[in-house]
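Structure first, then comments.
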Amino acid sequence: MWPPDPEPGPDPAPAGRPPPGAPVPGLRALLCSRKGRLLLAESGLSFITFVCYVASSASAFLTAPLLEFLLALFFLFADAMQLNDKWQGLCWPMMDFLRCVTAALIYFAISITAVAKYSDGASKAAGVFGFFATIVFAIDFYLIFNDVAKFLKQGDSADETTANKEEEENSDSDSD
């Protein structure tokens, strides 16, 4: 009848889920972390470099920044959604390390070529942003390498202490 019944409010969300449209809970913490800021810088510089290559005469190089932009966004999303905890079968640090190493090498090579071979301003800008991206990717793979090396060193020291304990238990102390 008239006036129509007021529509009921939205159903409350289940206890474990945020309401639709709410920000991802881990995203803010990730963006405040060092890794999140590096991924954000990588994706931003990759996008700017991509746009510069699109506008330049060195458009043959636009594929690498586009792929690196998409990969950086994927890793940003994967870290924010904590997919590395959910998909244990993948070696996330190694994938991230290889992504950063190849990106740094490719950006370095195409930036040198863009600056040296092409004379238009957009190519020069793409080369400069590519050099900045090279530095950011190199910092990221250096930090990943240090984290992995530290983790492996802790694992080796734990293995050595258990090996030493087993050796002491198995040795005959009366043989001296």
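Okay, here's what the table says:
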read-out: One residue from ALA60, ALA55, ALA72, ALA64 being closer than 20 Å to TYR142 by Cα, modelled with pLDDT of 85 or more and of a type outside the set (Phe, Trp, Tyr); value: ALA72
read-out: Residues of the stretch 66-124 satisfying the condition of being part of a helix (DSSP H, G or I), of a type in the set (Ser, Thr, Tyr) and surrounded by fewer than 20 Cβ atoms within 10 Å (Cβ to Cβ); value: THR102, THR113
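The values are calculated or read from the model by the stated rules, or taken from the named source; none is laboratory data. Note that the structure is a prediction, hence the values are computed from the model and not measured. Glycine also receives a Cβ, built like all others from the backbone with ideal geometry; neighbour counts cover every protein chain displayed.
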